[in-house]
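Novice: Can you keep this structure in mind? I'll have questions shortly.
The values are calculated or read from the model by the stated rules, or taken from the named source; none is laboratory data. Values in this document were obtained by computation on a predicted structure and should not be read as measured data. Cβ coordinates were reconstructed from backbone atoms using ideal geometry, including for glycine residues, and neighbour counts include every protein chain displayed. We work out accessible area using only protein heavy atoms, side chains counted, and drop any ligands, DNA or RNA first. Shrake-Rupley method; radii C 1.70, N 1.55, O 1.52, S 1.80 Å.
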Amino acid sequence: IDSNGNKVYVKRDRICFFIMFIAMSLFVGLRTSYNDTGTYRHAYELMGTNFSALSDISYAIGDNPGFNVFNTFLRIWGVSTQSYLMIYSFITNGIYLWFIRKYSNNYFLSIFLLFLKCINNSFSIHFAAYVAILTPLSNV
């Protein structure tokens, strides 16, 4: 922290931040199927490829108009479904890492905890699915 109270980042941290950002974004953005990825890909493929598709979007707040307008523009510009996932991967991981870098005192521990949380959520979802499948079978 400098004399004005601003955080001063070391060049090494910037390089590590960039490497983590690229690695995480590629890992998430290059997926072909997981959980609801197929649903997002299918919905994206069904969007129109011209500006008249913007009139089909519901602009009610609960219908996520910004998300749908952005997706429609991506579709109009000819972005593939894999690139669509990659764009959202860069946006999401960029926000996560920026937030951690800005508000964490121990950057690397925070990244480690983020990974643990993601792994735990994935495990919890799979465990809940197994329990839901096996519970009716235990009554046989």
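Novice: Mind counting the residues in region 50-103 that are free of Cβ contacts under 8 Å to residues at least 12 places away in the same chain and not in a helix (DSSP H, G or I)?
Specialist: Residues meeting the conditions: 7.
Novice: Right, LEU113: within 19 Å of ILE19 (Cα to Cα), open to solvent by 50 Å² or more (accessible area, probe 1.4 Å), modelled with pLDDT under 80 and in a helix (DSSP H, G or I) or not?
Specialist: Here the answer is yes, as LEU113 does meet what is asked.
Novice: Of all the residues that make up region 75-104, how many are of a type in the set (Val, Ile, Thr) and open to solvent by 60 Å² or more (accessible area, probe 1.4 Å)?
Specialist: Within region 75-104, residues that are of a type in the set (Val, Ile, Thr) and open to solvent by 60 Å² or more (accessible area, probe 1.4 Å) number 2.
Novice: Out of all the residues in region 21-49, which are open to solvent by 80 Å² or more (accessible area, probe 1.4 Å) and assigned to a helix (DSSP H, G or I)?
Specialist: Passing the criteria: PHE27, THR39, TYR40, HIS42, GLU45, LEU46.
Novice: On to the next question. Could you check region 3-27 and list, in sequence order, the residues that are modelled with pLDDT under 80 and within 13 Å of ASN93 (Cα to Cα)?
Specialist: Answer for region 3-27, where residues must be modelled with pLDDT under 80 and within 13 Å of ASN93 (Cα to Cα): just PHE17.
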